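Peer 1: Below are the structure tokens for one structure; questions will follow.
Laboratory data are not the source of any read-out in this text; all were calculated from the coordinates shown. Given the structure is predicted, the values throughout are model-derived calculations rather than measurements. With ideal geometry, Cβ positions are generated from the backbone for all residues, glycine too; neighbour counts draw on all protein chains shown.
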Amino acid sequence: MEQQIISRFNDAILQEAMRRYSIAPDHIQALDAFESFIYAFRQGEGEFILRIGHSLRKAEALIWGEVDWINHLARGGVSVARAVLSVGGNLVEAMDDGLGGQFFATAFVKARGQKPWEVGWSPEKFVGYGRLIGKMHALAVGYLPPVAAWKRPEWDDVENQFVERYLPASEVIAHEKYRELYEYLVTLPKDDRSYGLIHQDAHQNNFMMDTDGTLTLYDFDDCAYSWFVSDLAIVLFYIAFDAEELGFPTMEAFTADFMSHFLRGYREEYALDPRWLREIPHFLKLRELELYAVVFRDFDVENIDDWWIANFMRGRKARIEAGLPFVEVDFEAFAVYL
């Protein structure tokens, strides 16, 4: 989280958010967070999540666009943590920070279940993961926000240009690799069957798994307009790091197994042209470069104390500069599953 946002947040802001959602002081608990202030709270028999973000990061209209999209998916039968109304009947509550900016409070139903690695993965659960993403993409087709100003950003809007914004200029080769990739991606066709509003961050930390394998997706803070295949690549990008823990000798071996199940589930809910599979390596590289840049923003790269980030960064500079693929797999071979 940006330091200027942290410095503006105080107990008075939290208390005001609690008042607007009628949260009792002994029914709220702070949770670990990355981009916003996050709390769990109880109300009656229900459990909920309170998120407080700042206008320095997201404009109010974009947050309205996010919660409208989430509830559109919920109405369509997608298992998501839907947004709930405040006491005043609002899905977004704005609070002045006293310095010319605003904090925005939103609340969501708390997703049921546990983290997926606690429950355990299986081939059928990978199929369910695919169904979840496929159903979301099916509901993206034809979706329009009810207010034009609520339209979420495009994948390459300024706020999503992580490499340009956060990667040090000294990373000359990485910047060159990014520009080459960007110039290729902007040539890809856009139509409502392949391009629309996507989650953009549907990894294991952003959903819960129930004991029956049901996944409930949350944290749509990064949702943006992009190619559907980008969501598929992002899913693979993060879960492939767990290949060894899941019993596979390499990321390549895991990818072959995972995609055979995941795409089968995806196909049950949405028919994406298999030709898009050839683009997965490009979107894997995009996420690799974006995350590489964000690490420079959020960590001292010479002294990283987060084990997952440290693992990601190990040898990453050399791999990026050498132009190595994130994972060496023939993705077009998976067309039989899609």
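Peer 1: Order of 228-234, 327-333, 245-251 by packing, highest average Cβ count within 10 Å first?
Peer 2: The peptides rank, most packed first, as 228-234, 327-333, 245-251.
Peer 1: With the cut-off at 1.5 for a/c, could you classify the range 3-109 from its C-alpha gyration tensor as rounded, prolate or oblate?
Peer 2: Numbers: a/c = 1.76, a/b = 1.24, b/c = 1.42.
In terms of gyration-tensor shape, oblate.
Peer 1: Dipole of the range 264-338, Cα-centred, from +1 at each Lys and Arg C-beta and -1 at each Asp and Glu C-beta, to the nearest 20 debye?
Peer 2: 200
Peer 1: Still on this structure, please answer the following. Apply the Karplus curve 6.51 cos²θ - 1.76 cosθ + 1.60, θ = phi - 60°, to the phi angles in the range 332-338 and return the couplings in whole Hz, x for Gly and Pro.
Peer 2: Values per residue, Gly and Pro as x: 5, 5, 7, 4, 5, 8, 10 Hz.
Peer 1: At 7 Å along the Cα-to-beta-carbon direction for both L85 and S260, put a label point, then send me their distance in nm to one decimal.
Peer 2: Simple spin-label model gives 5.0 nm for this pair.
Peer 1: Which FRET efficiency value, to the nearest 0.05, is calculated for T187 and Y143 with the Förster distance at 25 angstrom and r the Cβ-Cβ distance?
Peer 2: 0.50
Peer 1: Could you give the nm distance between label points at A318 and D300, where each point is 7 Å from its Cα heading toward the beta carbon?
Peer 2: 2.5
Peer 1: Something else now. Please compute, for the alpha-carbon atoms of the chain, the extent along each of the three principal axes and give them in descending order in Å.
Peer 2: 54, 46, 40
Peer 1: So between Q29 and D11, what do we pick up on full extension, going 0.36 nm a residue minus the alpha carbon distance?
Peer 2: 5.1 nm
Peer 1: Still on this structure, I have one more. Please order R75, R278 by the number of other Cβ within 10 Å, starting at the fewest.
Peer 2: Least to most surrounded, the residues fall as R75, R278.
Peer 1: Placing unit charges on C-beta atoms (Lys and Arg positive, Asp and Glu negative, everything else neutral), compute the dipole magnitude of the chain about its Cα centre in debye, rounded to 20.
Peer 2: In debye, rounded to 20, the chain gives about 720.
Peer 1: Now a separate question. For each pair in K177/K317; K177/K285; K151/K190; K125/K285; K58/K151, compute the distance between the two Cα atoms and list the pairs where it is over 20 Å.
Peer 2: Values: K177/K317 12 Å; K177/K285 9 Å; K151/K190 17 Å; K125/K285 26 Å; K58/K151 13 Å.
As for pairs spanning more than 20 Å Cα to Cα, those are K125/K285.
Peer 1: Would you please report the Å³ per residue occupied by the convex hull of the alpha carbon atoms in the range 62-186?
Peer 2: Looking at the range 62-186, the number lands at 217 Å³ per residue.
Peer 1: Place +1 on the Cβ of every Lys and Arg and -1 on the Cβ of every Asp and Glu in the chain, take the dipole about the Cα centre, and give the residue among L181, G196, G89 whose Cα lies farthest towards its positive end.
Peer 2: G89
Peer 1: Highest mean first, what order results for 302-315, 131-144 on Cβ atoms within 10 Å? Please list the in-between numbers first.
Peer 2: Numbers: 302-315: 11.9, 131-144: 20.0.
Ranking the peptides 302-315, 131-144 by packing returns 131-144, 302-315.
Peer 1: On a C-alpha basis, how far is the centre of the range 281-317 from the centre of the range 28-95 in Å? Whole number, if you could?
Peer 2: 28
Peer 1: Report, in order of residue number, the helices in the chain meeting two criteria: a C-alpha extent of 15 Å or more along the helix axis, and a mean Kyte-Doolittle hydropathy of at least -1.0; treat each whole DSSP H run as one helix.
Peer 2: 60-75, 123-140, 172-185, 228-239, 251-269, 280-298
Peer 1: Placing +1 on the Cβ of each Lys and Arg and -1 on the Cβ of each Asp and Glu in the chain, which of F334, N205, A140 has its Cα farthest towards the positive end of the resulting dipole?
Peer 2: The one lying farthest along the dipole's positive direction is A140.
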